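Here the structure is laid out as structure tokens; the discussion comes afterwards.
The values are calculated or read from the model by the stated rules, or taken from the named source; none is laboratory data. Small disclaimer: the values here were computed from a predicted structure and weren't measured. Note that each Cβ is placed from the backbone with ideal geometry, even for glycine, and that neighbours are counted across all protein chains shown. Calculation scope for accessible area: heavy atoms of the full protein, side chains included, ligands and nucleic acids excluded. Shrake-Rupley method; radii C 1.70, N 1.55, O 1.52, S 1.80 Å.
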Amino acid sequence: MMFNRMFSSLTMGLLCALLLTALPARAQTLTVGVESSQYLPAYSYENGEYTGFARALLDAFAQDKGYRLEYKALPVVRLFSELLAGNIDLKFPDNAMWSASQKAGHDVVYSVPVIAYVDGVSVVPASKGMTLEAVRSLGLMRGFTAWDWQDRITAGTVSLHENNSFPALLETTIAGRNNGAYANVAVVNHQLEHVLRKPGALVFDPSLPHTRSHYHLSSIKRPEVIAAFNAWMAANPDRVARMKAEFQVEKGVE
């Protein structure tokens, strides 16, 4: 009788141990700081929901690696402050050129390139090929920087018309309230086609100053997560390429 009780206790102990081993570890929660902007197909935050290519990519990474992501949407300027203050684990998008003076003295770690982009001037078709001197005003999302135009902006030869809404930014450019909209070319194309329903109303002018670069995932607090993300990107090139094609996130960048 005693042997049976001992055997039952041992069996139950082994079963409990096996069950505990089989249970998945509790997912580690990471706070991802993102821009509270409508910037599809790259990303968008609207009605409390973060969407777009960035959401799909980061969610896929998190699911594979056992993370739980909480997206914290903030205006561009405040988002940089939250990164530097250590109030978020990760930031997307980011680039070493952005707010470089603010980042001085901080160990910001960047991922491998995530999205290739061209930031340039989109104009009404009749204005394509205008001279540099003819550009007197540019539309720009608030908190963004027109790097290629800084000297002319500082000199006062080009004025900025900032906007909080990307569709509104494009509408004002179409209406002729500024000479062009400085923004991500793929985003302009998407917004014109799918949001404003005015495909071709603006076209990218490659003869005007523009920047080719990449969006990265960044972190100060969690460099090991950036390393894990880099490894995941390297292991899933075909999957990432399919997602980029689905969202057309690099359309017009070639």
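Summary table below
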{"quantity": "The one condition in (1) of a type outside the set (Phe, Trp, Tyr); (2) touching a helix residue (DSSP H, G or I) at 6+ places or on another chain (Cβ under 9 Å); (3) open to solvent by 30 Å² or more (accessible area, probe 1.4 Å) that THR131 fails to fulfil", "calculated": "(2)"}
{"quantity": "Test: residue in segment 68-79 that is under 20 Å from ALA241 (Cα atoms) and outside any helix (DSSP H, G or I)", "calculated": "no"}
{"quantity": "Single match in SER207, SER219 (criterion: open to solvent by less than 70 Å² (accessible area, probe 1.4 Å) and either hydroxyl-bearing (Ser, Thr, Tyr) or closer than 30 Å to PRO125 by Cβ (or both))", "calculated": "SER219"}
{"quantity": "GLY52 vs. criteria exposed (fewer than 15 other Cβ atoms within 10 Å of the Cβ) and either in contact with a strand residue (DSSP E or B) (Cβ under 8 Å, 6 or more places away or on another chain) or not aliphatic (A, V, I, L, M) (or both)", "calculated": "no"}
{"quantity": "Failed criterion for TRP98 (all others in (1) under 18 Å from MET141 (Cβ atoms); (2) in contact with a helix residue (DSSP H, G or I) (Cβ under 7 Å, 6 or more places away or on another chain); (3) assigned to a loop (DSSP other than H, G, I, E, B) hold)", "calculated": "(2)"}
{"quantity": "Residues of segment 49-84 satisfying the condition of being touching a helix residue (DSSP H, G or I) at 6+ places or on another chain (Cβ under 7 Å) and without any contact (Cβ under 8 Å) to a residue 24 or more places away in the chain", "calculated": "PHE80"}
